[in-house]
Amino acid sequence: LTVLREHKVYSAMVPEDLGGGGIGYGEMCQFVRALAGYCGSTALTLSMHQHLLSAPIYNHMRGNPGQALLEKVAGGELVLVSTGANDWMDSTGEVERTDGGFLVSARKAFSSASPMGNVAVSTAPYNDPEAGWQVLHFPVPLSAEGVSIADDWDTMGMRSSGSNTIIMERVFVPEEAVALRRPRGVYHPAYNVVLGVAMPLVMSAYLGVAEAAFALAKGQAGKKAADPVVHIGLGQLINHLTTAQLAVDSMVGLVDEWQFQATNDFVSEILARKTIAAKAVLAVGEAALETFGGAGFHRKFGLERMLRDLHAGQFHPLPERRQHLFSGRIALGLEPIEIKAKVALDQAAE
């Protein structure tokens, strides 16, 4: 991460007039994909930062708030850390009102790059006396009083991503730092932007790992070129990789350099492709090991690490069954998620 910071990769997508490098969305996806061939964890942490930049870039291009964050990132080559993977529409934690803002207490897991990050982009639920249950969206400097990072990222794969739990204990969040208030438990249109720009970047990292696994398996297959079973395995591997490439390339194309319309149908298309890509890259890893043969079980070749890393792709929003539910509801003209009874009652009471 230090090397990426030195080369100003973290501000590379920030528009040039705001102090950044001004490279395109598709270019960054390609960079993440290429980087993943060397280290999947590094590429994944970079994708997390870049998706947190992509949403304000989208908003800034349309005259909406976003410029301040972009300028801060460009000015200090700040690393943004996402804490939303496990929160979805309800969010987690506790919020107290105080003079000038809020006191937030929460534990936010899966916070990639937390050991070297500068700012956590987070949420927490707040029971507003007048508006009822809301979710507040806000940034928190990781150097702020009350913020600590647990050393708890002991996982099957993506072990170098530093996705530890961020702990907030009565952390002060100024009123003016709250970027969005939304009803708790209700799907908000902002997620059509967030999910839309996040998943192509994230899956670009997994695709890069899968392409590296394919290259290893193909190289080993060349040593056993007389074996027809190896031919079949390599052909199957090619099909899995092609499926993954088509899905990710299609996702990047749908974003269309931030020119997409942030609709429910758009994000449903993105998430369907995310599921296809996540299944396909994992199939690549499994087929690569089979094609490589028993030697691939040795850690020295790196294939077992790639296969472990590829398993993580299925857990990013939305997991397969939840995506099926989400997309099926949208196809029927329903709200993407069912409004919970308590929220519905609160709204009816208003």
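The values are calculated or read from the model by the stated rules, or taken from the named source; none is laboratory data. All values reported here derive from a predicted model rather than from experimental measurement. Cβ: placed from backbone, ideal geometry, glycine included. Neighbour counts: every protein chain shown. With ligands, DNA and RNA removed, areas are computed over all heavy atoms of the protein, side chains included. Shrake-Rupley method; radii C 1.70, N 1.55, O 1.52, S 1.80 Å.
Within segment 5-30, restricting attention to residues that are assigned to a helix (DSSP H, G or I), touching a residue at least 40 places away in the same chain (Cβ under 8 Å) and under 24 Å from residue 196 (Cβ atoms), the residue that is nearest to the chain's Cα centre (by Cα) is 29.
Scanning segment 314-329 for residues that are buried (at least 18 other Cβ atoms within 10 Å of the Cβ) and more than 21 Å from residue 36 (Cβ to Cβ) yields a total of 4. Residue count for segment 160-189 under the criterion of being among the aliphatic types (A, V, I, L, M) and touching a helix residue (DSSP H, G or I) at 6+ places or on another chain (Cβ under 8 Å): the result is 2.
Looking across segment 330-341, the residues that are at pLDDT below 95 and either assigned to a helix (DSSP H, G or I) or open to solvent by 80 Å² or more (accessible area, probe 1.4 Å) (or both) come down to 335, 338, 340, 341.
One residue alone among 247, 262, 288, 283 is small (Gly, Ala, Ser), more than 30 Å from residue 231 (Cα to Cα) and either surrounded by 19 or more Cβ atoms within 10 Å (Cβ to Cβ) or in contact with a strand residue (DSSP E or B) (Cβ under 9 Å, 6 or more places away or on another chain) (or both), and that residue is 262.
Of the residues 228, 200, 189, the single one that is open to solvent by 40 Å² or more (accessible area, probe 1.4 Å) and closer than 27 Å to residue 334 by Cα is 189.
For segment 45-68, the tally of residues that are without any contact (Cβ under 8 Å) to a residue 24 or more places away in the chain, closer than 22 Å to residue 259 by Cβ and part of a helix (DSSP H, G or I) stands at 1. Quick check: anything in segment 108-122 open to solvent by 50 Å² or more (accessible area, probe 1.4 Å), among the hydrophobic types (A, V, I, L, M, F, W, C) and part of a loop (DSSP other than H, G, I, E, B)? Within segment 108-122 (the criterion being open to solvent by 50 Å² or more (accessible area, probe 1.4 Å), among the hydrophobic types (A, V, I, L, M, F, W, C) and part of a loop (DSSP other than H, G, I, E, B)), the answer is yes, since at least one residue qualifies.
Considering every residue within segment 134-156, establish whether at least one is in contact with an Asp or Glu (Cβ under 7 Å, 6 or more places away or on another chain) and either modelled with pLDDT of 95 or more or not charged (D, E, K, R) (or both). Yes.
Picking from residues in segment 69-103 that are in a helix (DSSP H, G or I) and small (Gly, Ala, Ser), the one that is surrounded by the most Cβ atoms within 10 Å (Cβ to Cβ) is 74. Looking at segment 291-313, I want the residues that are open to solvent by less than 30 Å² (accessible area, probe 1.4 Å) and have a partner that is not in a helix (DSSP H, G or I) with Cβ atoms under 6 Å, at least 6 apart or on another chain. Which pairs are those? Matching pairs, first to second residue: 309/157; 309/158; 312/157; 312/158. Scanning segment 127-173 for residues being part of a strand (DSSP E or B), open to solvent by less than 50 Å² (accessible area, probe 1.4 Å), under 20 Å from residue 84 (Cβ atoms) and touching a residue at least 40 places away in the same chain (Cβ under 8 Å) gives a total of 12. None of 235, 222 is at pLDDT below 95 and part of a helix (DSSP H, G or I) except 222. Evaluation of residue 220 against the conditions (1) touching a residue at least 60 places away in the same chain (Cβ under 8 Å); (2) over 23 Å from residue 40 (Cβ atoms); (3) over 20 Å from the mean Cα position of the chain (by Cα) shows that the sole unmet condition is (2). Return a yes/no flag: does segment 98-108 have any residue that is more than 25 Å from residue 257 (Cα to Cα) and free of Cβ contacts under 8 Å to residues at least 12 places away in the same chain. Yes, segment 98-108 has at least one match.
Is segment 31-41 home to any residue that is part of a helix (DSSP H, G or I), open to solvent by less than 10 Å² (accessible area, probe 1.4 Å) and over 19 Å from residue 306 (Cβ atoms)? No, that holds for no residue.
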